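Only one structure is covered here, and it is reproduced in the block below.
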Amino acid sequence: MAVPHKERGRRMDEMLEAVTALWAGDRVTYKGKYYAFENLTIDPKPVQKPHPPIWIGGGTQPSEKIYAQTVANIDPVLRRIAKYAKTWVPHSSSTADMVKGDWDKIQRFMAEFGRTPDDMTKVYSNFVWVLKKGEKPESAIPRFKTYSGMDLPYWKEFYLLGEAEEVADKIRKKVATLGGCEHIVLNPLDWSLEQLELLAGEVLPRVAKP
């Protein structure tokens, strides 16, 4: 769309500011570097007041394995989350240490914006495939290949692939690293009744146990 790649973050900041202002008020004037308008009103307004909660995903991830490159500094992403987000969604592939480091920084950046950590809710989100008892992990390869080009070792390390207890244990550990969370979002590799029953009947009860 002929938008320079290096502008994407600053454009997102302005779009968040503009849209939330339009959701919350009438005859809004906004002047940014990339977007500007005067006395603009949009209707109907959202039910949530002053506007729907903003969820922003992002943070450190194993970029060397995904993109074959190192991302030197993601502080601008974490600052954006700290400034605008009501809810933070770490990358599905983020390790526990990555999440902890990002959350420590987000809290420091929130303080700069006059916010406190209790003003931020958190989500644990991941792709999941639950193996039946004795089923080999290799059986999932045809399914996760439709979601990414990552190989089996990558899926076993960063995503949720395993029998119910193993999957539940991974979820509990990541939630603990987040210091708790308000939402868990699991994305099955297919929406078959069998997978949904394994998640609902075998995984989630183990996640919820003390």
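The values are calculated or read from the model by the stated rules, or taken from the named source; none is laboratory data. Keep in mind the model is a prediction, meaning the values are calculated, not measured. Counting neighbours? That spans all protein chains shown, and the Cβs are built from the backbone with ideal geometry, glycine included. All accessible areas refer to the heavy atoms of the entire protein, side chains included, with ligands and DNA or RNA removed. Shrake-Rupley method; radii C 1.70, N 1.55, O 1.52, S 1.80 Å.
What to note about this one:
- Dipole magnitude (debye, nearest 20) for the chain, charges at Cβ of Lys, Arg, Asp, Glu: 440 debye
- Accessible surface area normalised per residue over the chain is 58 Å², counting heavy atoms of protein chains with a 1.4 Å rolling probe.
- Computed 3J(HN,Hα) for region 119-129, one whole-Hz value per residue from the Karplus formula 6.51 cos²θ - 1.76 cosθ + 1.60 where θ = phi - 60°, is 8, 10, 9, 10, 10, 9, 10, 6, 7, 9, 9, glycine and proline marked x.
- Dipole of the chain [Lys/Arg +1, Asp/Glu -1 at C-beta], most positive-end residue of TYR30, ALA176, MET110: TYR30
- Principal axis analysis of the Cα atoms in region 40-140 yields extents of 57, 35, 27 Å, listed in decreasing size.
- Computed from backbone phi with θ = phi - 60° and the Karplus coefficients 6.51, -1.76 and 1.60, the 3J(HN,Hα) list for region 136-141 is 7, x, 4, 5, 8, 3 Hz; x is used for glycine and proline.
- Phi angles across region 165-176 convert, under the Karplus curve 6.51 cos²θ - 1.76 cosθ + 1.60 with θ = phi - 60°, into 3J(HN,Hα) values of 5, 5, 4, 4, 4, 4, 5, 4, 5, 5, 4, 4 Hz, Gly and Pro given as x.
- Rg over Rh for the chain works out to 1.03, using Cα positions for both radii and the Kirkwood form for Rh.
- For region 1-153, the share of accessible area belonging to carbon and sulfur comes to 56 percent (1.4 Å probe, ligands and nucleic acids excluded).
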